[in-house]
Amino acid sequence: MPRLWQELGLALLMLLGGGIVACVFAAMPVQALVGATVALAVIVLLLARFWGDPQRSLGPANQVTLVRAVLVCMLVGALFAPAWGAQWAWLLAAISMLALVLDGVNGWVARRWRCASAYGARFDMELDALLILVLCAHLLQMGKAGSWVLAIGLMRYGFVAAMLRWPWLGAPLPDSDRRKLVCVVQVASLLLCLLPLVDASLATALLLPALALLAWSFAVDVHWLHRAVRGGTADNRRREG
């Protein structure tokens, strides 16, 4: 069997194993396990579609991100059992925390083994976006925030959708510690609000500043891209002149 499919199959087995344990010891509804499995199957198919060579391993860094994908898909599955998710909010918070920690491990592994790649960066970024959206959906289901909280999770997808109207938004952005820090702040804020001891009023006080920070970060990137496009247009005009 190709190496890629071995790794992807192992991820599916990890999810099924963890899901069965949750069903037995935490009374997780079957529909949550089914939802998590379907979500991971979609991710697996996308990874296989864009990886290219099935004989080539994903590599250490992407393997860590794949484990993160298993955790995120468990959170996705919990959306299909809202009452259970509210009852086991501590467990969801712990899974989210582990996913956040592995995000840092992934970066360390990429530097340590020098296996960073554009594919891996995109995989990691899209998984972060999915995690943030799923956490927003949980808080909405739990009644800790209104529908406005989805703006935190949908902002990345809105940015991608805007590229259809303004293609220059799809230009490469330089690496930014600010962008990474803002992502961590979003996940940490959402994770904290999952905890049972955080009520709706405190959650709102934590999440509104997080939303404002995220909007500011996207505005900075849009401004940079717009200036880059204008600068490129001016350069082209000077060359044509």
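The values are calculated or read from the model by the stated rules, or taken from the named source; none is laboratory data. This one's a predicted model, so the numbers in the text were calculated from it and none came from an experiment. Quick reminder, even Gly has a Cβ in these numbers, built from the backbone with ideal geometry, and neighbours come from all protein chains shown. Please note that ligands, DNA and RNA were not included when accessible areas were found on the heavy atoms of the full protein model with its side chains. Shrake-Rupley method; radii C 1.70, N 1.55, O 1.52, S 1.80 Å.
Numbers below:
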read-out	value
Cβ-derived FRET efficiency at R0 25 Å, LYS180 paired with VAL101, nearest 0.05	0.95
Solvent-accessible area of PHE123 with every protein chain in place, 1.4 Å probe, in Å² to the nearest 10	20
Spread of Cα-to-Cα distances over 10 Å intervals beginning at zero, given as percent, for the chain	7, 28, 33, 22, 7, 2, 1, 0
Rough spin-label spacing in nm, given labels placed 7 Å along Cα→Cβ, for TRP5 and ALA188	4.3
Structure-based [θ]222 nm, the chain - -39500 (n - 2.57) summed over DSSP H runs of at least 4, per residue, nearest 500	-27500 deg cm²/dmol
Helix axis angle, 200-240 relative to the chain longest principal axis, alpha carbon, degrees	30
Shape category assigned to the range 101-227 from the gyration tensor of Cα positions, a/c cut at 1.5	oblate
Dipole axis of the range 124-241 (+1 Lys, Arg; -1 Asp, Glu on Cβ), positive-most option in LEU194, PRO167, MET155	PRO167
In degrees, nearest ten, helix 89-112 long axis to first principal axis of the chain (Cα)	40
Modelled FRET efficiency - R0 45 Å, ARG112 with LEU164, Cβ distances, 0.05 increments	0.75
Sulfur and carbon atoms: percent of accessible area, the chain [1.4 Å]	69
Whole-Å distance, taken between Cα centres, linking the range 76-119 and the range 35-59	17
Within-13-Å neighbourhood charge of ALA118 [Cβ basis; K, R +1; D, E -1]	-2
Potential lengthening between ALA26 and TRP224 on full extension [0.36 nm per residue; Cα-Cα distance subtracted]	66.5 nm
The chain: angle of helix 30-51 to the longest principal axis, Cα-based, in degrees nearest 10	30
Distance between modelled label sites at TRP148 and ALA171, nm, 7 Å Cα→Cβ extension	3.4
For the chain, accessible area per residue (1.4 Å probe, heavy atoms of protein chains only), Å²	54
